[in-house]
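*Asks:* Below is the structure I would like to discuss, written out as structure tokens.
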Amino acid sequence: MHRIKSLSDYFKKYEQSKKDPDKFWSEIANNFIWKEKWDKVLDWDFESADTKWFKNAKLNITENIFERNLKDRGDKTAIIWEPNDPAQSPIYITYRQLYEETCKFSNALKEKGINKGDRVIIYMPMVPEAAIAMLACARVGAVHSVVFAGFSSTSLADRINDCQAKIVLTSDGNFRGNKIIPVKPVVDEALEKCSTIESVIVLERTKQNINMIEGRDYWWHDCVNDISSQCDSEILDAEDMLFILYTSGSTGKPKGVVHSSAGYMVYSSYSFLNVFQYDEGDIYWCTADVGWITGHSYIVYGPLLCGATSIMFEGVPTFPNVSRFWDIVDKYKVNQFYTAPTAIRALQAHGLEPLKDNSLESLKVIGSVGEPINEEAWHWYHDNIGKGNCPLVDTWWQTETGGIMISALAGITPNKPAHASLPLPGIQPVIVDSAGKELTGNNVQGNLCIKFPWPSILRTTYGDHKRCINTYFSNFKGMYFTGDGVKRDHDGYLRILGRVDDVINVSGHRMGTAEVENAINEHEEVIESAVVGYPHDIKGEGIYAYVIVNSKTSDDKIKIEITNVVRRVIGPIAKPDKIQIVSGLPKTRSGKIMRRILRKVASNDFDNLGDTSTLLNPEIVNEIIKGSSN
Ligand code: WTA
């Protein structure tokens, strides 16, 4: 199809994509089924954040997953589902079965009054029905918004209200390791704050006792019982919304990143095939959760568009023991394995013992995503999992980019530890200094921007286009700003340095410091708080909260209460790792918190605090250092 086969081919395609992007992308797009072809490949204006790809083309992404693949791959396994408990049987779903299940659920959605353009919240564990739900939405032209099932009821309610969703798809509960996590009760609590939801469809997974509300809540199995397994797809415009996915930024509440049908389809498939060099018959496994963009693009859409076999894993890497990932690799003879550095570091901490009974010889490609991979973890992963002979693709991208932007192509472009390396053909990254000047040549470092559109660039932030312009297109004129710092080394390879804004990356999860502060501030005795990231051996970054309280309660007790407030408001993933109660925060004369100082203290870097004399309250710095929780 559209696969790059050698280093010289890579350079050739890269040049072509720059010289004639229309030709480059239309050749790739020609591999898909279109109801009507486009009359223009690309229209764009970064100033107004307005990008249109494959203008006026008509399609449905699920026809490109099913109708396009069924003839040759009807009996091929599309999804292998590995349950949380290894004693339970896995499920193999062929393309034909997945098609039929998707059609059935599409009909169920229609019966519940879901039409083109309606927003559907998916709040589900890692079960095949989560993928079926996404595909069914796409089939009927509804817009899915998957919410990670670890988010709190407040976070769920915020997302439902922001996109004015009509229906929630969920489960009774969720198995994670040796825990059973309630899911439906969280939905019930969220819905007390939502007025747009008309119905809830509940998958039976854990068989816990739950409350079903007559006329609102329906069991999944009842909805698909006795329903047709045929459903014509809704024909969509290229630019019709495919999904919304909420992600954290440096200010305010999470934004609903909007992706459109055609561009996302073309790019998720193109990037999957090229980065992983997927061959027919390979078994591919991405360990992400469908609640994140990685799960969207590289468990569901990218692999299924390419007719691949994609593993979906319900559980966690440490259950029943820390060999679980490697046991799954051997069990299914996984060829491409894609995970996050935080998982690698956590497993690395257990040494080589958990690997002693695993062969891992099926692996051809290993991948990393979500945060910078430090050199030590890179080498451990490369040497012990890849056995020194699998290319390690360090893939840099974002919810907003829809697909992998900078990465080695497995076995084709060179591997360099801790370097995402080179952009995919079609992607034009630039490094700019704080004044917006492009830094060319090697050995330069600055802000990572992209100066030309690619098909799966976000189209808007749902319901607030101005916010999209302000966040991504106004820091540096005429460019998309990623929020990341980057270095181009002496060989010309790119190394991502991490966020340059107030976003922290905790175990590969994006978190706005302001969001965590807002949650902490909900505790009635908290006067003010400031949250920063600090280096954490396993998580990459940990959450360090400085809090001023007005209370006689003991520090230990109030710290526990603050932690609980954050769990309740956002979810356990946002829990501070360290909380320091302080009597003040270092502020500039204009009243702004000097986070630079707080970051240094949190990182134990007391000698490089810089100039503190301009502070309104320089004396507070010593108090903070003395009381620091390190
Ligand atoms: C970070 C995840 C270094 C980066 C796909 C980015 C990375 C944010 C890498 C997006 C990588 C992702 N190396 N940093 N290979 N991949 N990041 O939206 O800071 O959850 O801006 O998308 O993760 O996180 P998001």
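*Asks:* Say whether the condition of being under 24 Å from Phe11 (Cα atoms), over 20 Å from the mean Cα position of the chain (by Cα), in contact (Cβ under 8 Å) with a residue 24 or more places away in the chain and within 15 Å of the ligand (Cβ to nearest atom) is met by at least one residue in segment 450-459.
*Replies:* no
*Asks:* From (1) of a type in the set (Ser, Thr, Tyr); (2) within 26 Å of Phe11 (Cα to Cα); (3) away from the ligand (no atom under 16 Å from the Cβ), pick out the condition that doesn't hold for Ser362.
*Replies:* The one condition Ser362 does not meet is (2).
*Asks:* Let me ask something additional. Can you tell me which of Ile4, Ile79, Ile93, Ile28 is buried (at least 19 other Cβ atoms within 10 Å of the Cβ), assigned to a loop (DSSP other than H, G, I, E, B) and among the β-branched types (Val, Ile, Thr)?
*Replies:* So the residue among Ile4, Ile79, Ile93, Ile28 that is buried (at least 19 other Cβ atoms within 10 Å of the Cβ), assigned to a loop (DSSP other than H, G, I, E, B) and among the β-branched types (Val, Ile, Thr) is Ile4.
*Asks:* For segment 187-206, state whether one or more residues are touching a helix residue (DSSP H, G or I) at 6+ places or on another chain (Cβ under 6 Å), within 30 Å of Pro86 (Cβ to Cβ) and in a loop (DSSP other than H, G, I, E, B).
*Replies:* Checking segment 187-206: not a single residue is touching a helix residue (DSSP H, G or I) at 6+ places or on another chain (Cβ under 6 Å), within 30 Å of Pro86 (Cβ to Cβ) and in a loop (DSSP other than H, G, I, E, B).
*Asks:* Just to check your reading of the model, which residue among Leu156, Leu242 is assigned to a strand (DSSP E or B), away from the ligand (no atom under 16 Å from the Cβ) and under 24 Å from Glu400 (Cβ atoms)?
*Replies:* Numbers: Leu156 fails: assigned to a strand (DSSP E or B).
Answer to the check: Leu242.
*Asks:* State all residues of segment 545-578 that are part of a helix (DSSP H, G or I), closer than 20 Å to Lys626 by Cβ and either touching a His at 6+ places or on another chain (Cβ under 9 Å) or modelled with pLDDT of 95 or more (or both); if no residue qualifies, say none.
*Replies:* Ile558, Lys559
*Asks:* Starting from segment 488-513, keep only residues that are among the polar types (S, T, N, Q), then list their pairs with residues that are near the ligand (Cβ under 8 Å from one of its atoms) whose Cβ atoms are within a distance under 6 Å, requiring at least 6 positions of separation or different chains.
*Replies:* Listed by first residue and then by second, the contacts come to Asn505/Glu371.
*Asks:* Does Ile33 meet the test of being of a type in the set (A, V, I, L, M, F, W, C) and closer than 30 Å to Ser323 by Cα?
*Replies:* For Ile33, the condition - of a type in the set (A, V, I, L, M, F, W, C) and closer than 30 Å to Ser323 by Cα - is not met.
*Asks:* Can you work out which of the residues in segment 460-479 that are outside any loop (DSSP other than H, G, I, E, B) and without any contact (Cβ under 8 Å) to a residue 12 or more places away in the chain is surrounded by the most Cβ atoms within 10 Å (Cβ to Cβ)?
*Replies:* Checking each candidate, the answer is Asn470.
*Asks:* Moving on. If I ask for residues that are within 13 Å of the ligand (Cβ to nearest atom), assigned to a helix (DSSP H, G or I) and either of a type in the set (A, V, I, L, M, F, W, C) or crowded, with 16+ Cβ neighbours inside 10 Å (or both), which ones from segment 374-396 would you list?
*Replies:* The answer is Ala377, Trp378, Tyr381.
*Asks:* Of all strands (runs of 3 or more DSSP E) completely enclosed by segment 492-544, which ones contain at least 2 residues that are within 14 Å of the ligand (Cβ to nearest atom) and not aliphatic (A, V, I, L, M)?
*Replies:* So the answer is 494-499, 509-512.
*Asks:* While we're on this one: If you go through segment 407-427 one residue at a time, do you hit one that is closer than 20 Å to Arg510 by Cα, within 12 Å of the ligand (Cβ to nearest atom) and outside any loop (DSSP other than H, G, I, E, B)?
*Replies:* Checking segment 407-427: not a single residue is closer than 20 Å to Arg510 by Cα, within 12 Å of the ligand (Cβ to nearest atom) and outside any loop (DSSP other than H, G, I, E, B).
A quick yes/no check of all residues on (1) in a helix (DSSP H, G or I); (2) crowded, with 16+ Cβ neighbours inside 10 Å; (3) of a type in the set (A, V, I, L, M):
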site	(1), (2), (3)
Gln580	no, yes, no
Gly584	no, yes, no
Leu598	yes, yes, yes
Asp607	yes, no, no
Leu616	no, no, yes
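*Asks:* OK, next. Could you list all residues from segment 270-295 that are part of a helix (DSSP H, G or I), under 8 Å from the mean Cα position of the chain (by Cα) and of a type outside the set (A, V, I, L, M)? Write out each step before concluding.
*Replies:* Going through segment 270-295, the residues part of a helix (DSSP H, G or I) turn out to be 270-276, 293-295.
From the residues that got through so far, the ones that are under 8 Å from the mean Cα position of the chain (by Cα) too are 293-295.
Matches in segment 270-295: Thr294, Gly295.
*Asks:* Any residue at all in segment 480-490 that's within 15 Å of the ligand (Cβ to nearest atom), of a type outside the set (Asp, Glu), assigned to a loop (DSSP other than H, G, I, E, B) and at negative phi?
*Replies:* Checking segment 480-490: not a single residue is within 15 Å of the ligand (Cβ to nearest atom), of a type outside the set (Asp, Glu), assigned to a loop (DSSP other than H, G, I, E, B) and at negative phi.
*Asks:* Can you give me the number of residues within segment 28-46 that are touching a residue at least 24 places away in the same chain (Cβ under 8 Å) and closer than 20 Å to Met405 by Cβ?
*Replies:* Residues that pass the stated criteria total 5.
The values are calculated or read from the model by the stated rules, or taken from the named source; none is laboratory data. Please read these numbers as outputs of a predicted model, since none were measured by experiment. Positions of Cβ are backbone-derived with ideal geometry, glycine not excepted, and every protein chain shown enters the neighbour counts.
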